[in-house]
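The values are calculated or read from the model by the stated rules, or taken from the named source; none is laboratory data. Owing to the predicted nature of the structure, the values given are computational and were not obtained by experimental measurement. Virtual Cβ from ideal backbone geometry, glycine too; neighbours counted across all protein chains shown. Side chains are part of the model used for accessible areas, which takes the heavy atoms of the whole protein and leaves out ligands, DNA and RNA. Shrake-Rupley method; radii C 1.70, N 1.55, O 1.52, S 1.80 Å.
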Amino acid sequence: MSTRNKVLTLALLVAGCVVFAQGGKEAVSKKGEIPKLTFLTNVNVDTEGYDVNESPYLKFIEDKFGVDIEIITESTQYQEKLNATMASGNLPDYVNIIKKADLQRWASEGLLMPLDDLLKKCPNLQSQIMPLAWSLSTYDGDNKIYGVPLLRYDSTPLMTYARKDWMDKLGIKPEDVKTTDDWYNLLYKFVHDDPDGNGKNDTMGLASRNNDYSAVYLTFPEAFNGACDQIIDGKVIPNYLTPGYKDYLKYMQKLYVDGLVDQQYLVTSSQQMWEKIRDGKVGAFLGFWMLTELRSLNVDISNFYPIEPPLRSDGTRSFYRYGSPIRTYTAISATCKNPEKVMEILDWAATEEGGIFVFAGIEGLDWNRDASGNIVIKPERRGKNTSLRFILLGAQKPKIDTPVLESLMAQSWGEAGLNDLAVASRSGGYDEIEMVAPYFPELAVYDIDSQVKEFRDLAIMGKIDIDKEWDGYVKKILDAGASQKIRLMTDWYNKNHK
């Protein structure tokens, strides 16, 4: 194995119509005696103009397993769609669940099927998925597994990128951008020093967008020790109530007020952000290391340099904090008539053959074999539809641990992509307390997140004096349910996790 592939392997290992009946969906397709499965999942990626239910990739899965799958999806408001569907009583056969708390809540309500017995016939899932991930897929009430974790093959997908040609013109070396002050100076020059050389004041420092995977929210909080829950005075304090989080907001407010952040970030969609980057007016942004969106827009990604998270004030490393090594959970509803078929599909996803499907696609459409029998992805198909394929499967092989899959990764993402993957794999981390904390049903009546986010964005956009408003914000959040959360989390931590 080449040195590059050894590094790659190490980095990767770090890591018909829908028919419903009372009590569940009909188990037989309108097309005949083929098992009918409905799958509620979040298809939030490009489908190359296909209706997702007419995608050649879905047809491939259906033909291989002798099933008729109906995909139900909602790309922009998926969580709302998920909540409404699970509350309706008319459940799909299987479902993509984003949050561990939701998995545990619906398991506790009897809406999901325990998978322990089914998993005994799934050797690939058993061997490929690490024990930590299975433990994060259980419900504490009966200690049974209720979801198949769709694992990452990196420790974080997130990287902050800066334009290398602009840095070269400005005389800035990427390796010298280390601290939050360095980042301020870099973004200032991107805005004010005409890095594109057109003599106009028309360049942007940091692009962002109106979702949680945004630079304004994820690039900098860890540098101020404001990204993770902390033990303060013997209590588990949520990150959004910590002094470090306050310092992060003050830093972001300075960036925004000084015009170094996209002033329209709160109303900018993901697609609009990528188009701004494509149009050559953005200096830095946060994205998944694959940069699939830019590839689909035919942007030369080699010009974007990945920069590791800013150092903390004491000079120690920080990390891009991601919620969990689990992307999502695929759970089977309690009313499913063909759970074995669902598990057969999920188990196949964890095989090398399943990995070939995810990373290369379909023979003839996406790839062919050369004279030696090696898989060669067509140049115009490299890196395309990878996310769509594992979304349609509901799982993927998390260990890229065979020469065939290593070759496919190299073909799909190229040297630049593999370098970005290596950077991402050493730059990621998790909020370890929040990640393993159980679901507390007592907190379901509260809506803390919306109030935290409201204050966050008002602060960043300079609409409030953070120092003057901080104590009132803390009291408001505590009264909104955070005090209850702190009590529950602290009791659990002291008894079970400490």
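A 24 angstrom limit on the alpha carbon distance is what I want to check against. Which of Lys254/Lys468; Lys281/Lys468; Lys178/Lys246 exceed it?
Pairs exceeding the cut-off: Lys281/Lys468.
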- Query: At a probe radius of 1.4 Å, what is the per-residue accessible area of Tyr446, in Å² to the nearest 10?
  - Reply: 90 Å²
- Under the Karplus relation 6.51 cos²θ - 1.76 cosθ + 1.60, θ = phi - 60°, what is the ordered set of whole-Hz ³J(HN,Hα) values for region 296-303, x standing for Gly and Pro? 5, 9, 6, 8, 6, 6, 5, 7
- Message: Between Asn298 and Lys476, what is 0.36 nm times their sequence separation minus the Cα-Cα distance? Round to one decimal in nm.
- Response: 59.4 nm
- Between Leu187, Leu241, Ile277, whose Cα lies farthest towards the positive end of the dipole of region 167-283 when Lys and Arg beta carbons carry +1 and Asp and Glu beta carbons carry -1, centred on the Cα centre? Leu241
- Message: For a 30 Å ceiling on Cα separation, which of these pairs sit above it: Lys100/Lys235; Lys397/Lys485; Lys173/Lys250; Lys164/Lys453; Lys100/Lys453?
- Response: Lys397/Lys485; Lys164/Lys453
- Message: Looking only at the chain, where both bridge partners belong to it, what percent of the DSSP beta bridges are antiparallel (to the nearest 5)?
- Response: 65 percent
- Message: What three numbers, in Å, describe the spread of the alpha carbons of region 359-455 along their principal axes, ordered from the longest?
- Response: 62, 28, 26
- Message: Checking the cross-link filter: which aspartates and glutamates have an alpha carbon closer than 19 Å to that of Lys120, excluding same-chain neighbours under 8 positions apart?
- Response: Asp142, Glu340, Glu344, Asp347
- Message: Can you give me the % of accessible surface on the chain that is carbon or sulfur? Probe 1.4 Å, all protein chains present, nothing else counted.
- Response: 49 percent
- Task: Using +1 at the Cβ of each Lys and Arg and -1 at the Cβ of each Asp and Glu in the chain, identify which of Tyr50, Leu118, Thr330 lies farthest towards the dipole's positive end.
- Result: Leu118
- Which value, in Å², gives the accessible area per residue of region 112-250 when a 1.4 Å probe is used on the protein heavy atoms? 41 Å²
- Message: Could you compute Rg(Cα) / (2.2 N^0.38 Å) for region 46-185, with N its residue count?
- Response: 1.49
- Work out the length of the dipole vector of region 381-482 about its Cα centre, built from +1 on the beta-carbon of each Lys and Arg and -1 on the beta-carbon of each Asp and Glu, and round it to the nearest 20 debye. 760 debye
- Across all Cα atoms of region 66-139, Rg and the largest Cα-Cα distance (Dmax), in Å, are 13.9, 36
- Distance cut-off 32 Å, percentage of C-alpha pairs in the chain lying past it: 45 percent
- How big, on average over all directions, is the shadow cast by the Cα convex hull of region 209-353, in nm²? 14.0 nm²
- For the chain, give the magnitude of the charge dipole about the Cα centre (Cβ charges: +1 Lys/Arg, -1 Asp/Glu; no others), in debye to the nearest 20. 420 debye
